[in-house]
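Have a look at the structure below, then the notes.
The values are calculated or read from the model by the stated rules, or taken from the named source; none is laboratory data. Since we're looking at a predicted model, the values are computed, not measured. Cβ: placed from backbone, ideal geometry, glycine included. Neighbour counts: every protein chain shown.
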Amino acid sequence: MLFGISFWWVLLSVIAYFGIGAVWYSPALFAKPWMEEIKRKKADMSMAASAMVTTFLCMVVLVLVEAWLVQATGTVGWLGGARLGLLIWFGFVATTALVNSSFQGGSKKLFAIDQGYHLVGVVLTGAILAQSI
């Protein structure tokens with residue numbers, strides 16, 4: 001048990017979030033516009049393995065904190081978990097990303113692609129974790 005939530009639900013949440021990224025940034029969805037926005041070509045993505053490990057570890061931390069919040073707030077059911085995920089995304093994820101984007105001169109399109117992914121990931125993670133209570 002991690003924060004009152006089964007390890008397996010936490011692991012499922014991490015895998016789901018990571019899996020969404022694999023689809024989100026695939027050629028079927030946003031790979032091409034995303035690479036255009038970051039001004040890179042597929043051949044430039046040699047750092048992908050290192051970035052994937054970092055991403056996975058960050059998702060583990062995010063999911064553990066979200067699991068704690070699910071437990072601390074007594075959130076139950078997939079709808080309650082999705083709502084909590086939405087609040088986490090809006091209050092912490094999107095706002096901090098927007099601050100960085102504003103100073104870095106990031107495009108609205110890049111912000112929408114990246115933060116759309118995190119919105120779906122954090123909402124789904126909340127829904128999964130709240131099922132376990």
Residues of the range 84-109 classified as in contact (Cβ under 8 Å) with a residue 12 or more places away in the chain and of a type in the set (Phe, Trp, Tyr), total: 1
Selected residue (only one of Ala94, Ala72, Ala127 is in contact with a Leu (Cβ under 8 Å, 6 or more places away or on another chain) and closer than 24 Å to Ile5 by Cα): Ala127
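Checking the structure you have, find out if any residue of the range 34-48 is within 22 Å of Ile128 (Cα to Cα), free of Cβ contacts under 8 Å to residues at least 60 places away in the same chain and more than 19 Å from the chain's Cα centre (by Cα).
The first filter runs over the range 34-48 and keeps only residues within 22 Å of Ile128 (Cα to Cα), leaving none.
Within the range 34-48 (the criterion being within 22 Å of Ile128 (Cα to Cα), free of Cβ contacts under 8 Å to residues at least 60 places away in the same chain and more than 19 Å from the chain's Cα centre (by Cα)), the answer is no, since none of the residues qualifies.
Out of curiosity, is Ile20 closer than 21 Å to Trp89 by Cβ, in contact (Cβ under 8 Å) with a residue 60 or more places away in the chain and within 19 Å of the chain's Cα centre (by Cα)?
yes
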Which listed residue is farther than 30 Å from Leu69 by Cα, of a type outside the set (S, T, N, Q) and out of contact with any Cys (no Cβ under 6 Å at 6 or more places or on another chain), from Phe30, Phe7, Phe18: Phe30
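Mind checking which residues of the range 121-133 are part of a helix (DSSP H, G or I) and in contact with a strand residue (DSSP E or B) (Cβ under 8 Å, 6 or more places away or on another chain)?
Of the range 121-133, the ones part of a helix (DSSP H, G or I) are 121-131.
Residue satisfying the conditions is Leu129 alone.
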Exclusive hit being over 26 Å from Met1 (Cβ atoms) and modelled with pLDDT of 95 or more, set Gly21, Gly81, Gly85, Gly105: Gly21
